[in-house]
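Here's the structure, in structure tokens; my notes come after.
Each value in this text was obtained by applying a stated rule to the coordinates, not by laboratory testing. Because the structure is a prediction, the values reported are computed rather than measured. Here the Cβ positions follow ideal geometry from the backbone for every residue, glycine too, while neighbour counts run over all protein chains shown.
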Amino acid sequence: MLLIESLFLQCLAIALGACIGSFLNVVIYRVPAGLSILHPPSRCPHCFRQLAPRDNIPIIGWFLIRGKCRYCHTPVSWRYPAIESLTAFLFWSVAAYFGSSLPILTLCFYAAFLSWLLALSMIDIDTMTLPNSLTQSGLVLGLIYQISLASMGSGDRLSFPNQLIFGIGGAVLGIWLLDIMRVAGRVFLQKEAMGGGDPKLMAMIGMWLGWQNVLLTILIASAIGTFFGAIALLTKNLGRQQPIPFGPFLAIGGAISLFFGKPILSTYLGWFGLT
Ligand SMILES: [Zn+2]
């Protein structure tokens, strides 16, 4: 890929990411509340006045209204432009990191996977739940991704049945391991250490990334979760009984595995002389 093409792709990814991020804000707010994500159009959650088109411009719109509703002057959370910026950054990362080596369709799938992870993480932080509608649709999209990879049949991809086994095996292993962790947590910690949605999120990640990355994702998620939990306990921000949502850690583990799973796993296997 030429430099100019690569730069164009990266700019496109940032613009598209900011727009999708704007939509993710709607998903994060409305899905747990059981509202439609398509109707009505974006409006102020306080005075319900519909936003002007210029207010809907991702990231910039928030600065134009100086973080306050144009009509009722209620502060609009900085989280909205932050999520739009984060989505733009994730999309840019996909374009910059994989742009020269993978087909556009695969880049779009990666961007979709990261969007699902981000929306689920924020909903888990807000409500301590992972809606089935999102984990299930993410799982189905992961299956479609595996089918599309198999039918492209390019590069180091597996044959059709093996590619499906790779994805479905990852989903089964993911839900199975997290269920074991959940039961173990209940037995040893005498409390519900994990929500019922976490195994479903892990199944979704497994479907996308395959079984090897399931192990890596759980390892990373547990490490970050333990670190975060220890910091929270030390700084006394959380009581011992206060649950911490595990979904965001799984999502971070999944995102790291998407980008770096292959080099990490081959280095690791190399230590044992397996590659
Ligand atoms: Zn308002």
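Before moving on, here are some points about what is shown:
- Projected onto planes of every orientation and averaged, the convex hull of the alpha-carbon atoms in the stretch 32-88 covers 4.2 nm².
- Centre-to-centre, using Cα atoms only, the stretch 247-275 and the stretch 102-155 are separated by 18 Å.
- Annotation: extensible slack from I60 through H39 equals 5.3 nm (criterion: 0.36 nm per residue apart, minus Cα-Cα distance).
- Directionally averaged projected area (convex hull, Cα atoms, the chain), nm²: 17.4
- Full extension of the chain between F227 and F48 gives 60.4 nm of extra length, using 0.36 nm per residue less the Cα-Cα distance.
- For the pair F188 and L269, a Förster radius of 30 Å applied to the C-beta separation gives a FRET efficiency near 0.45, rounded to the nearest 0.05.
- If only the Cβ of Lys and Arg carry +1 and only the Cβ of Asp and Glu carry -1, the dipole of the chain around its Cα centre is close to 740 debye.
- Here Y80, Y29, Y71 are placed in order of increasing Cβ neighbour count within 10 Å, fewest first, which gives Y71, Y29, Y80.
- Positive-pole candidate from A112, S6, H46, dipole of the chain, charges at beta carbon: H46
- For the stretch 1-101, the spread of Cα coordinates along the three principal axes comes to 49, 29, 19 Å, biggest extent given first.
- In the stretch 162-274, the alpha-carbon atoms span a convex hull of 112 Å³ per residue.
- Selection from T87, L143, W62 lying farthest towards where the dipole of the chain points positive, charges on Cβ: W62
- DSSP H segments from the chain that extend 27 Å or more along their own axis, Cα-based, with Kyte-Doolittle mean of 1.0 or above: 3-30, 104-127, 160-189, 211-234, 247-271
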